[in-house]
Amino acid sequence: MTGPVGQWALKVGHGEGAVVVAREAEVLTRIGATVPTTSYGARTKNGRTSTSAWLLTPWLEGPSTWDALRPVRDGKLDQRQAALAAAADLAAAVGALHHADWVHGDIQPHHSIHMPGGVRLIGCSWAWNTGIAPSYAFHGGLLHLMSPELMTRAAAGQGPLGPTQPDEVYGLAASLWWASTGSWPLDYAQLGIDPGKFTASALRQVLVRRWPPLGNIPAWPQLEEVLRAVLTVRPDGRPSALHLAQWLRALPA
């Protein structure tokens, strides 16, 4: 929608959806007060009725990480430097959020907007910290980007499901793999399955029993080496998001 002072995005939830929208409004208010550089800051409006909740946020102009890494997916090797910078910027933004003791909960390449002042994280419905508990409505986010340990907790029905910062670093690396290749990091062909033919619940049960190996990024083995180092290590040895940002900035294009 467009108003006298710019374009805005309106989100409305009804019934159970109202709880989710109201929670995101509270999250954005709190993040705006503690990590304004990664959020909308104070520029949000929200409200509730007896049956619904609404959230109004500024429309953010800029490419998503998915769009920023499109040249790499398209094989344009001369544009790797810009794509690498975008990947590092996303990792730094997630690192800033973690440094303030937040977990976004649903990091993926479509939930980050690259602006002149830095990366803004959107899709904050499931973010949490010690001041706002994880939501019982959250089931782990996009299945293909979930860490093995988060997958196990989700399959066991442990709730509320609160992803940890190591969970999120795994999801961050998996997101960058997906955005730079157009393919999931996990090589489902090694299990002889087509993940598109499974429901999320059924595929989760398959993965809990047998975790497939990673695929490859033959067009950019240096990037594969960095992401593989994140995706194959145990949670207690996983680097921080800020560490990943440093690795990416040091990577030759």
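The values are calculated or read from the model by the stated rules, or taken from the named source; none is laboratory data. If you're wondering where the values come from, they're calculated on a predicted model, not measured in any experiment. Here the Cβ is made from the backbone with ideal geometry for all residues, glycine too, and neighbour counts use every protein chain on show. When the accessible area is computed, the model is the full protein with side chains, heavy atoms only, and any ligands, DNA or RNA have been set aside. Shrake-Rupley method; radii C 1.70, N 1.55, O 1.52, S 1.80 Å.
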- Item | When the chain is reduced to its Cα atoms, the Kirkwood hydrodynamic radius in Å | 18.9
- Message: Going by average Cβ density within 10 Å per residue, which order do the peptides 96-103, 165-172, 150-157 take, highest to lowest?
- Response: 165-172, 96-103, 150-157
- Message: Compute the orientation-averaged projected area for segment 73-160 from the convex hull of its Cα atoms and round it to one decimal in nm².
- Response: 7.1
- Task: Kindly provide the helix-only [θ] at 222 nm of the chain, computed as the sum of -39,500 (n - 2.57) over DSSP H runs of four or more divided by all residues, to the nearest 500 deg cm²/dmol?
- Result: -12500 deg cm²/dmol
- Item | Per residue accessible area of the chain, 1.4 Å probe, in Å² | 48
- Sequence of Met115, Met146 when ordered by accessible area, the most exposed leading, probe 1.4 angstrom: Met115, Met146
- For the chain, size of Cβ-based charge dipole, Lys and Arg +1, Asp and Glu -1, in debye: 220
- Item | Kirkwood Rh and Cα Rg combined as Rg over Rh, evaluated for segment 124-240 | 0.96
- Item | Environment charge of Gly215, counting only residues whose C-beta is closer than 15 Å and scoring Lys/Arg +1, Asp/Glu -1 | -2
- Task: Compare Gly105, Gly131, Gly32 in a GNM of the chain, Cα atoms joined below 10 Å, and give the one with the largest fluctuation.
- Result: Gly131
